[in-house]
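Notes to accompany the following structure.
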Amino acid sequence: MQNSNETSRDFKAGETIQFLTDMSPFFVIATTITSLAVIFLIDITYLTAVFFPKMSYVGYVVGFLVPSGIMVARLGFGLLGASDISKGAWVSGLIGLGGTFAIAIFEHSALTHIAEVWNMPEQIGLFQFMVWLAVGAELRLMMTLGNENNLLNSFFKKEAANEPTPNVEGNGKTEKEWDFNYNMKGKPA
């Protein structure tokens, strides 16, 4: 009887671990977004205080738009770079990840400066950690996207399977040729 209970517990623990493992790509995305949101809020707080005395209420708009542009670019470069690399488009993927690293280096120095201006030297490490946590999560996402068996890819494959395939023939080119020209992969038929 005791063996039956232990086997049942082991099975439930195994199911739970497998479920959490399957959900890990979503945790990585949540980690990326959370760390970028923290950086975003710190940047907004700092920049609105910098721009408001010089620009009045327009300073609030500028203080919001500058970090917004940086975070959108960071998220876009990271996710597209990871996606491109996982699909085999190494050149565009590496350019995207290069953009992510360039923005991360900028944010690293900007948040270090903010911590110094705010006289919070004990928080410099935390601010810098948030920057590099997002980079690490983006890199992990790149590796996850390369695995066709993970839950995230399975989810998107199911969605794509439900959508009708568009007919992209035109200008004398076949769908295969359009795919080659768009993705710059393989030889057109």
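The values are calculated or read from the model by the stated rules, or taken from the named source; none is laboratory data. Worth saying up front: this structure is predicted, and the values here are computed from it rather than measured. We place every Cβ from the backbone using ideal geometry, glycine too, and count neighbours over all the protein chains shown.
Here is the figure for segment 114-132: residues that are touching a residue at least 60 places away in the same chain (Cβ under 8 Å), surrounded by 13 or more Cβ atoms within 10 Å (Cβ to Cβ) and assigned to a helix (DSSP H, G or I) total 4.
Specify which of the listed residues (19, 26) is in a helix (DSSP H, G or I), at pLDDT below 95 and either touching a strand residue (DSSP E or B) at 6+ places or on another chain (Cβ under 9 Å) or more than 30 Å from residue 95 (Cα to Cα) (or both). Going through 19, 26 in turn, the sole match is 19. Here 75, 111, 80, 97 are screened, and the one residue that is assigned to a helix (DSSP H, G or I), surrounded by 13 or more Cβ atoms within 10 Å (Cβ to Cβ) and modelled with pLDDT of 95 or more is 111. Among the conditions (1) of a type in the set (A, V, I, L, M); (2) modelled with pLDDT of 85 or more; (3) buried (at least 18 other Cβ atoms within 10 Å of the Cβ), residue 85 misses just one, which is (2). Looking across 69, 14, one residue alone is among the small types (Gly, Ala, Ser), loosely packed, with under 11 Cβ neighbours inside 10 Å and either in contact with a helix residue (DSSP H, G or I) (Cβ under 7 Å, 6 or more places away or on another chain) or modelled with pLDDT of 85 or more (or both). It is 69.
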